[in-house]
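Below is one structure; the comments refer to it alone.
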Amino acid sequence: MKKYNSETPPKYDLSAIPVKMALMSGDVDALGDPTDIAWLKDESKSGLRSDLVVMEIEYHYGHNSFMMA
């Protein structure tokens, strides 16, 4: 909060990411729920270029599962 002088981080232009990526999510993730994933995949809302998402997988994992793997 000190760094940005705000309680929320600044918006980031996801369309500025020029590399291909994999989008992995967990259906029992309390921090990145299906609503968040749907927003991210909607290019008109998030700016994330759908042509750069080369793989999309939903696992039966929670948030920490990805860190433990």
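The values are calculated or read from the model by the stated rules, or taken from the named source; none is laboratory data. No experiment lies behind these values; they were computed from the predicted model shown. Using ideal geometry, Cβ is built from the backbone for each residue, glycine included, and neighbour counts are taken over all protein chains shown. Heads up: the accessible areas ignore ligands, DNA and RNA and are worked out on the full protein's heavy atoms, side chains in. Shrake-Rupley method; radii C 1.70, N 1.55, O 1.52, S 1.80 Å.
Can you show me the helix-derived [θ] at 222 nm for the chain, built from DSSP H runs with n ≥ 4 at -39,500 (n - 2.57) apiece and divided by the number of residues, rounded to the nearest 500.
On the way: 3 runs with 18 residues, N = 69.
Helices in the chain give a 222 nm mean residue ellipticity of -6000 deg cm²/dmol.
Once the Cβ-Cβ distance between M21 and S65 is put in as r, and R0 is 22 Å, what FRET efficiency do you end up with, to the nearest 0.05? List each step's numbers first, then the result.
Values: r = 19 Å, r/R0 = 0.87.
With R0 = 22 Å, the Cβ-Cβ based efficiency is 0.70.
Taking only pairs that are 8 or more places apart or on different chains, how many Lys pairs in the chain have Cα atoms under 25 angstrom apart? Show your work: numbers first, answer last.
On the way: K2/K11; K3/K11; K11/K20; K11/K41; K11/K45; K20/K41; K20/K45.
For the chain, qualifying lysine pairs total 7.
For the stretch 1-51, state which trypsin sites (Lys or Arg not before Pro) are in a DSSP loop and have at most 11 other beta carbons lying within 10 Å of their beta carbon. If you can, show how the numbers build up before the last one.
Working: sites: K2, K3, K11, K20, K41, K45, R49; in loops: K2, K3, K11, K20, R49.
Listed in order of number, the matching sites are K2, K3, K11, K20.
Candidates (i) 18.8, 65; (ii) 13.7, 37; (iii) 11.4, 35; which is the computed Rg and Dmax of the Cα atoms in Å?
(ii)
Using Cα pairs under 8 angstrom and six or more residues apart, how large is the relative contact order of the chain, in percent? Mind showing how you got there, number by number?
Numbers: 77 pairs, mean separation 26.4, N = 69.
About 38 percent, as a whole number.
Skipping prolines and chain starts, which residues have an amide H placed within reach, meaning under 5 Å, of the one on Y61, given they are 5 or more residues away or on another chain?
D27, V28
Show the residues, 5+ positions off or on another chain, whose built amide H is closer than 5 Å to the amide H of E56.
L23
Which of the chymotrypsin sites (Phe, Trp or Tyr not before Pro) across the chain are loop residues per DSSP, with 11 or fewer other Cβ within 10 Å? Show your work: numbers first, answer last.
Values: sites: Y4, Y12, W39, Y59, Y61, F66; in loops: Y4, Y12, Y61.
Of the chymotrypsin sites (Phe, Trp or Tyr not before Pro), the ones in loops of the chain whose Cβ has at most 11 other Cβ atoms within 10 Å are Y4, Y12.
For the chain, what is the accessible area per residue in Å² when the probe is 1.4 Å? Walk me through the numbers on the way to the answer.
Details: 5690 Å² over 69 residues.
Accessible area per residue, the chain: 83 Å².
Taking 0.36 nm per residue of separation and subtracting the Cα-Cα distance, what length does fully extending L31 through R49 add? Walk me through the numbers before you get to the answer.
On the way: separation 18, 0.36 × 18 = 6.48 nm, distance 2.25 nm.
Taking 0.36 nm per residue and subtracting the Cα distance, the gain is 4.2 nm.
Take the solvent-accessible surface of the protein heavy atoms, probe 1.4 Å, and return the percent of it on the chain that carbon and sulfur atoms account for.
Details: 3230 of 5690 Å².
That fraction is 57 percent.
Can you run phi through the Karplus equation (6.51, -1.76, 1.60; θ = phi - 60°) for the stretch 5-14 and list ³J(HN,Hα) in whole Hz, with x for Gly and Pro?
6, 7, 7, 10, x, x, 5, 10, 7, 5
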